[in-house]
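Take a look at the structure set out below.
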Amino acid sequence: MSLYGIGIDVVEVDRIKSSLSEFGEQFLNRIFTAEERAYCEKQKNRELSYAARFAAKEAIAKAFGTGIGKAVGWRELEVHRKESGEPTIILHGKAAELAESLKVSEVKISLTHAQHYAAANAVILVKD
């Protein structure tokens with residue numbers, strides 16, 4: 001395996017909280033999948049979980065070198081948790097097609113958050 005790309009992103013939790021307050025369902029439906037929403041809504045401080053997932057999506061798009069847009073959409077990057085608690089990513093649609101064309105073997109992500117910030121990094125590995 002070889003390294004294809006790395007990405008990192010930091011999000012202010014208040015920015016996500018503000019978007020939730022101002023745009024509500026419109027914001028949630030545009031950015032997050034139903035499974036991501038179900039997970040976040042169960043959390044004590046849902047804004048932290050949403051912010052970490054937002055950061056993960058941005059970090060993955062940066063690792064692909066595309067940003068969020070035509071090549072990779074928000075809802076095509078879906079953050080899940082393994083039983084161990086490790087975050088993992090499921091690619092859908094154009095993001096999955098891009099990964100296949102690049103021969104991506106693995107996308108690794110790491111999430112973290114504190115009271116005011118959430119951050120994520122992503123590493124994309126490709127088959128040699």
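Observations
- Candidate aspartates and glutamates - alpha carbon under 19 Å from residue 82, same-chain residues fewer than 8 apart omitted: 35, 36, 41, 106
- The mean sequence distance of close C-alpha pairs (under 8 Å, at least 6 residues apart), as a share of the length of the chain, puts its relative contact order at 39 percent.
- (1) 23.7; (2) 11.6; (3) 7.5, with the label sought being that of the calculated mean projected area of the Cα convex hull in nm²: (3)
- Distance from the range 64-128 to the range 17-54 (C-alpha centre basis), Å: 17
- For residue 103, the lysines whose Cα falls under 21 Å of its own Cα, not counting residues fewer than eight places away in the same chain, are 57, 62, 70, 94, 127.
- Remark: spin-label model distance residue 22-residue 114 equals 2.5 nm, labels positioned 7 Å along the Cα→Cβ axis.
- ³J(HN,Hα) computed for each position of the range 83-99 - Karplus, 6.51 cos²θ - 1.76 cosθ + 1.60, integer Hz, glycine/proline x: 4, 6, x, 5, x, 9, 10, 10, 9, 10, x, 4, 5, 5, 5, 4, 4
- Against the chain, whose longest principal axis comes from its Cα atoms, helix 13-31 is set at around 70 degrees.
Every number here is computed from the coordinates shown, using simple stated rules; none is lab data. Just so it is clear, the model here is predicted, and its values are computed rather than measured. Please note: Cβ atoms are built from the backbone with ideal geometry, for glycine as well, and neighbour counts cover all protein chains shown.
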